[in-house]
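Following: one structure in structure tokens, then a few remarks.
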Amino acid sequence: MTTIARHLRARLKGWGGVGAMATACALALVLALALTCAGAPAGAPSRTTGQTVSHSARAQADEDCTAPEKQTLSPSDADGPTIEEIRNRRGEKRKLVVGVDQNSYRWGYRDPNSGKSGALEGFDIDLVHRIAEDILGDRDAVQFKAIPTDQRIPAIKAGRVDMVVRTMTITCARIEDVAFSAPYFRTGQQVLAPRSSPVEGYDETLADQEICTAAGSTAHAKLEADKEAGRLPASTDIRTTVPNQLDCLVRLQLGEVDAVVTDGALAASQAAQDPTVQLKGGAFTTEYYGVAMKKDADDLVRRVNRILVDFREDTTDGWQDAYTEWLSATLGDDSSRSRPPAPEYLRES
């Protein structure tokens, strides 16, 4: 489809809600400048553990990876070198440094109408405050860093952040570079397209369509694999990638692409913002969000897993309250499809 044709199509789509959304997106972008590979089920784990996982055992788990969401360490509230380093920061620097998104509606975003001076809000932000409160005794002892989608792993490996809490899917490829917590949310890839589009889902209707994904995302990896395997029409154009997933929505609104593939949890929020687009078809993958940390930060991984146990179970100010406040409006009141199963952890010797 030529550029002229795309802009003509964009003019015909009806821009009642899109103009406002495009303005909001532009403002947000200015502000941004983000086993069973041998796993064993675990019920209610003890609060402390001195067990360790050998490097060879973890390497073997990585090599045999089939269920990456189960390749994490068992929970513990014991302190260790990573946590002590965070606590020993002085003055204004005594904060948890966390990579987040500030453009994902209801996950990590700045609401100019919230009355909180543009403070970050959303499901992921609630979880970050919970982690900071446990480790530093102050839920506001956080330095947020906006990290693009394709910079999440580089930011962790370079030590620019202590962790990333940014709708980050746990995958076998990623656990070669970073360590993940147990899952805190379940989702799946879906297609987002204009309501008037002939696209019906992740199927043959994507023929001759140009799809946008975020660079380094699981969506882009899935499209590449399926294109190579012939599970996508040969004429589907998947070359358009952007640093931030929200950039895809802007391109869709401008008529520069035909569809977006991203996590359904994110796509639902975007569809809620713009009435001219909608989810097309159901989720065609099952994925889990986790908190990402440095590969050798075992004590921090264990502590976050301990916090997640409480976060999932608490009836006040826990997972369900965060879901109700931030996501029920876009994903529905029934949270069971989004709640991850009981966590499983690496076997330890």
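The values are calculated or read from the model by the stated rules, or taken from the named source; none is laboratory data. Keep in mind that what you see is a predicted model, and the values were worked out from it rather than measured. A quick note on method: Cβ atoms are made from the backbone with ideal geometry, for glycine too, and the neighbour counts reach across all protein chains shown. These accessible areas exclude ligands, DNA and RNA; they are computed on the full protein's heavy atoms, side chains included. Shrake-Rupley method; radii C 1.70, N 1.55, O 1.52, S 1.80 Å.
Once the cut-off is 24 Å, how many percent of the Cα-Cα pairs in segment 131-253 end up in the long-distance tail? Walk me through the intermediate numbers first.
Working: 2928 of 7503 pairs.
Taking all Cα-Cα pairs of segment 131-253, the fraction more than 24 Å apart is 39 percent.
Could you pull out the trypsin sites (Lys or Arg not before Pro) across segment 102-133 that fall in loop regions by DSSP (anything but H, G, I, E, B) with no more than 11 other Cβ atoms inside 10 Å? Intermediate values should be presented prior to the final figure.
Working: sites: Arg106, Arg110, Lys116, Arg130; in loops: Arg106, Lys116.
Sparse-neighbourhood loop trypsin sites (Lys or Arg not before Pro): Lys116.
Rg over Rh of segment 182-265, using C-alpha atoms and the Kirkwood radius, what does it come to? Display every interim value, and only then the final one.
Working: Rg = 12.3 Å, Rh = 12.9 Å.
Expressed as Rg/Rh, it is 0.95.
Take Asp111 and Asn88, extend 7 Å from each Cα along the Cα→Cβ direction, and tell me the distance between the two endpoints in nm.
4.0 nm
What FRET efficiency comes out for the pair Ala229/Arg347, r = Cβ-Cβ distance, R0 = 22 Å, nearest 0.05? The partial results should precede the final answer.
Working: r = 33 Å, r/R0 = 1.48.
It comes to 0.10.
If Rh is defined by the Kirkwood formula over all Cα pairs and Rg also comes from Cα, what ratio Rg/Rh do you get for segment 216-290?
Values: Rg = 12.6 Å, Rh = 13.4 Å.
With Rg and the Kirkwood Rh in hand, the quotient comes to 0.94.
Carbon and sulfur: what percent of segment 260-349's accessible surface (1.4 Å probe)?
On the way: 1580 of 3460 Å².
On segment 260-349, the fraction of accessible area on carbon and sulfur atoms equals 46 percent.
Across segment 70-149, how large is the tail of the calculated P(r) beyond 21 Å, expressed as a percent of all Cα pairs? Numbers along the way, then the final one.
Numbers: 1169 of 3160 pairs.
Across segment 70-149, Cα pairs with separations above 21 Å total 37 percent.
Using a 7 Å offset from the Cα along the Cα-to-Cβ direction at both Leu254 and Ala329, what is the distance between the two label points in nm, to one decimal?
Using points 7 Å along Cα→Cβ, the separation is 2.8 nm.
Quick one: Cα centre-to-centre distance for segment 65-91 and segment 179-247, in angstrom?
Answer, in whole Å: 32.
Label Thr285 and Ala207 with points 7 Å out from Cα along Cα→Cβ: what is the distance between them in nm?
Using points 7 Å along Cα→Cβ, the separation is 2.5 nm.
Between Ala67 and Arg160, take the C-beta separation as r, use R0 = 30 Å, and let me know the FRET efficiency to the nearest 0.05.
It comes out at approximately 0.55.
What are the semi-axes of the equivalent ellipsoid for segment 230-349, taken as the square roots of 5 times the Cα gyration tensor eigenvalues, largest first, in whole Å? Could you put the intermediate results ahead of the total?
Values: eigenvalues 208, 83, 39 Å².
They are 32, 20, 14 Å, listed largest first.
Rounded to the nearest whole Å³, what is the per residue volume of the convex hull around the Cα atoms of segment 83-129?
Each residue corresponds to 82 Å³ of Cα convex hull volume.
When 1/r is averaged over all different Cα pairs and the result inverted, which Kirkwood radius in Å belongs to segment 265-304? Mind dumping the intermediate values first?
Working: mean 1/r = 0.0750 Å⁻¹.
13.3 Å is the Kirkwood radius here.
Could you work out the Rg to Rh ratio of segment 305-349, with Rh taken as the Kirkwood radius (inverse of the mean 1/r over all Cα pairs)?
Values: Rg = 12.7 Å, Rh = 11.8 Å.
Radius of gyration relative to Kirkwood radius: 1.08.
I'd like the accessible area for Thr218, computed on protein heavy atoms only with a 1.4 Å probe and all protein chains in place. Round to 10 Å², please.
In the full protein context, Thr218 sits at about 20 Å².
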